[in-house]
1. Over the stretch 71-181, what is the relative contact order in whole percent, taking alpha-carbon pairs under 8 Å and six or more residues apart?
2. I need the fraction of alpha carbon pairs in the stretch 147-272 separated by more than 21 Å, rounded to a whole percent.
3. Taking a quarter of the surface of the Cα convex hull of the stretch 207-332, what do you get in nm²?
4. If you average the alpha carbon positions of the stretch 300-333 and of the stretch 81-131, how far apart do those two centres end up, in angstrom?
5. Quick one: Cα centre-to-centre distance for the stretch 133-147 and the stretch 1-74, in angstrom?
6. By average Cβ neighbour count within 10 Å, what is the ranking of 153-164, 209-220, 227-238 from highest down?
7. Give me the percent relative contact order of the stretch 5-198, please, defined on Cα pairs under 8 angstrom at least 6 residues apart.
8. Taking all pairs of different Cα atoms in the stretch 216-271, averaging 1/r and flipping that mean, what Kirkwood radius in angstroms comes out?
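The values are calculated or read from the model by the stated rules, or taken from the named source; none is laboratory data. None of the values given here were measured: they were computed from a predicted structure. Every residue, glycine as well, gets a Cβ built from its backbone with ideal geometry; the counts of neighbours run over all protein chains shown. In case anyone asks, the SASA skips ligands and DNA or RNA and just uses the protein heavy atoms, side chains included. Shrake-Rupley method; radii C 1.70, N 1.55, O 1.52, S 1.80 Å.
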Amino acid sequence: MTMGFVAGVGMSSPLGLDARQSALVLRARKMSPGRTGHKDRRGGFAGDVRSLRLDDALTGRERLIELARPALAEAVRGLGAAKGPIPLFVSLPPRRAEAEEPLGPDFLDVLGKRAGVDVALAASEAVVLGHAGFAAALAKGLAALAAPGAGPCVVVGGVDSHHDPAVLAALDEERRLHAEGAWNGFIPSEAAAFVVLARQGAAPPLARLLAVATGMEREDGTEIGEAATEVARNVAGVMRAPVPWVLPDVNGERHRVKEWSFVRIRNREAFDEARTVETRLYDELGDVGAASGAVHAAYACLAFRLGFAPAPEVLVTLASEGPARGAFALGAA
């Protein structure tokens, strides 16, 4: 059963200035990492994937706002009279280093003003859970859309950037930066993406939101991927069988790949080796952290709209570095 409709999409990434450009360049496999000014433990310069429209010196809160601003404006551009004030739910990164600049309680207010979007701040919320935050933000957005007296639309998105000296230093210290001699690391990247959720008839749909689920892993070390398995199973249960297309947010690190392998094996009735198409956006964009779910959603919506989706439904799975896990499914409109 459809839970809501996606009526608008916006994206800003190192691959493009808007959602269409980002999705097509991502599909064309044009990732181009660049050297940063940060030296790693081995004395070499750390690399990342970053937006060329932003000054390399721009970091922290201002970089996130400048990444998110055009994506948010793009997402709501076609709403017309339904444009605002509109609730906003955004997946944001937790602080990853003591020296990293805090985003502050007014982040959503500043973002809305910079994007020229009338945000209903009292009904909005920042979700600070990392990679899985977008699934939690989706659930909050759906609840807000269903509340008595709610408007016709809400906006849900995510933004993150690893292009920050403090963040790169912390990742380097943890040996998580992909580099020569460090094969278990990941390629740091950045992006912002937003989708507009609407009730039926509120605006022309780009896609259907079929299901969303969230969960928390136990942190005592006794289970591996139990919550991830369960949320994927819950969402896959409303899709056609086997799941025709899946977008997992694995990033090349062994522990994330291992957990995703467990999820597929434990849900073997939902996946088919021959018929389930698996696409890993990380391979062509790098790790975009708390923006992962939003980027996957925007990419899938553009794939449906532009005709390059390998199937009419997609399952997206999300796993934070902490215990948070999430999944959601979209269908072509």
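1. Details: 143 pairs, mean separation 40.1, N = 111.
For the stretch 71-181, the relative contact order is 36 percent.
2. On the way: 4745 of 7875 pairs.
Of all Cα-Cα pairs in the stretch 147-272, 60 percent lie more than 21 Å apart.
3. Values: hull surface 28.1 nm².
Approximately 7.0 nm², given one-decimal rounding.
4. When both Cα centres are located, 22 Å separates them.
5. The stretch 133-147 and the stretch 1-74 have Cα centres spaced 24 Å from each other.
6. Numbers: 153-164: 28.7, 209-220: 18.0, 227-238: 21.1.
Result, highest mean Cβ count within 10 Å first: 153-164, 227-238, 209-220.
7. Working: 389 pairs, mean separation 59.7, N = 194.
With pairs under 8 Å counted, the relative contact order is 31 percent.
8. On the way: mean 1/r = 0.0842 Å⁻¹.
That comes to 11.9 Å for the stretch 216-271.
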